[in-house]
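Have a look at the structure below before the remarks.
The values are calculated or read from the model by the stated rules, or taken from the named source; none is laboratory data. Given the structure is predicted, the values throughout are model-derived calculations rather than measurements. Cβ placement follows ideal geometry from the backbone for every residue including glycine, while neighbour counts extend to all protein chains displayed. Please note that ligands, DNA and RNA were not included when accessible areas were found on the heavy atoms of the full protein model with its side chains. Shrake-Rupley method; radii C 1.70, N 1.55, O 1.52, S 1.80 Å.
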Amino acid sequence: MKNQVAALCALIAGAGAAHAERLDRSGQSILPLFEPGGYAEISFGNVNPSVSGTAPGGAGSGNMTGDYWQVGIAYKQQVTEAFSFGFIYDRPFGADVAYPLGTGYPIAGTTADLKTDAFTILGNYRFDSGFGMHGGLRIQRLKANANIVLPSPPPFPPSNYYVDGEADEGFGYVLGVSYEKPEIALRVALTYNSDIETKNRTTEVLSTPLGTTVDTSTTTINTPQSVNLDFQTGIAEDTLIFGSIRWVDWSEFDIDPGIYPLKCAYNPADNCGPLISYRDDSWTYTLGVGRRFNENWSGSLQVAYEKNDQSNRSSNLGPTSGKWGVTLGARYEEGPYIVAAGLNYTWLGNVTTANIGGRFEDNDALGVGVKLGYRF
């Protein structure tokens, strides 16, 4: 049981959460580092959110977020009985926003895109007592752009703000501790991910009825620090429970270009602020059960929860808050080969957006993923 059933908790990784809170996408998992022996995997996931709302005047936004792909690669080499090392590639943060044209929604035509690629080198040392230490270095590449329609009072035409942040790389680190007891499939791992700073060369163009302003500068962006607590344990023959708690320090995160027109320096109102920022941190809770059916087949069921915060108005670039999600996973293993698949459905929390006052309700997302693994 200790090998095949203990690996059930990784079933969900092939699909991932269908829609994560804010910009969080991969969850920055380091669990492949705990696979037995030598191990390699590649995973693909597609997420299709449906997010729409209604302005106070009744105009609908249409679906303002597009589907996206998640890709992950992991490799682990067992050097000695106690020490292993490996690497992980993932896309930890991202955004794809596109308000359709022709809907009459106040910011119809607004788009935003943020992409990251991260490569992490990790080592893991396990002591005879079952305790272990893991850590490593991470390099992350980030780029972002947005084209924001700014409503103007009649009879003036809308203003337009365009910003492009060129790609830049930054470095961070990972540190953690763990405890394992393989005979009962027990593992607890606590992992800290540092924030990562990039300095993105930025071009901004602000077009208003009074003229056009162009500015170039450097925007400092710190993707947030986070902590993951992952756990699993056997509860019966061929059956285990698993779960995680993830904290992300979003209250210290913002993207604040130089001449963004709703900066407080230019518009000292209660609803002004950076292009993107959050007032509070996020906590994500997951809990699941895995079951081995025979030598080849196993399956899992997992639920995920993030608290909805309707007391604060959300950004128009991310009009959701909180979620409930459920993921079904299946896994087939034959010799050194592993194929896992997952299907996720997520109910997204209701919010009211800042400035516009749009009400976004009854939204959801569907995700599907496949993971191919190989033991050596």
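Tabulated data
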| item | result |
| --- | --- |
| Antiparallel bridge percentage (DSSP; both residues within the stretch 313-376; nearest 5) | 95 percent |
| Charge dipole (the stretch 89-197, unit charges on Cβ, about Cα centre) - positive-most of I107, V174, P153 | V174 |
| The chain, accessible area per residue, ligands and nucleic acids excluded (1.4 Å, Å²) | 45 Å² |
| Gaussian network model of the chain, Cα within-10 Å springs - most flexible of E41, E197, E334 | E334 |
| Alpha-carbon centroids, the stretch 118-134 and the stretch 213-256: separation in whole Å | 19 Å |
| Kirkwood Rh and Cα Rg combined as Rg/Rh, the stretch 245-376 | 1.14 |
| Of all accessible heavy-atom area on the chain, the percent that carbon and sulfur account for (1.4 Å) | 59 percent |
| Paramagnetic reach from T203 in the stretch 126-166 [backbone N under 19 Å; point 7 Å along Cα→Cβ] | 142-149, 160-166 |
| Relative contact order, percent, the chain [alpha-carbon distance under 8 Å, six or more residues apart] | 19 percent |
| Translational diffusion coefficient (Stokes-Einstein; Kirkwood radius from C-alpha pairs) of the stretch 230-299 at 4 °C, 1.567 mPa s, in µm²/s | 81 µm²/s |
| Taking the stretch 167-229 and dividing mean pair separation by its residue count, relative contact order in percent (alpha carbons under 8 Å, at least six apart) | 34 percent |
| Residue pairs, from the table K76/K323; K181/K307; K115/K371; K115/K323, whose Cα atoms sit over 27 Å apart | K76/K323; K181/K307 |
| Per-residue HN-Hα couplings for the stretch 226-240 [Karplus 6.51, -1.76, 1.60; θ = phi - 60°; Hz; x = Gly/Pro] | 8, 9, 10, 10, 10, 8, 7, 7, x, 10, 6, 4, 6, 9, 9 |
| Overall form of the stretch 105-149 per C-alpha gyration tensor (a/c, 1.5; a/b vs b/c) | prolate |
| P(r) tail fraction, the chain - alpha-carbon pairs more than 40 Å apart, % | 19 percent |
| Among G325, G104, G45, residue whose mean-square fluctuation peaks in a GNM of the chain (springs only between Cα atoms under 10 Å) | G104 |
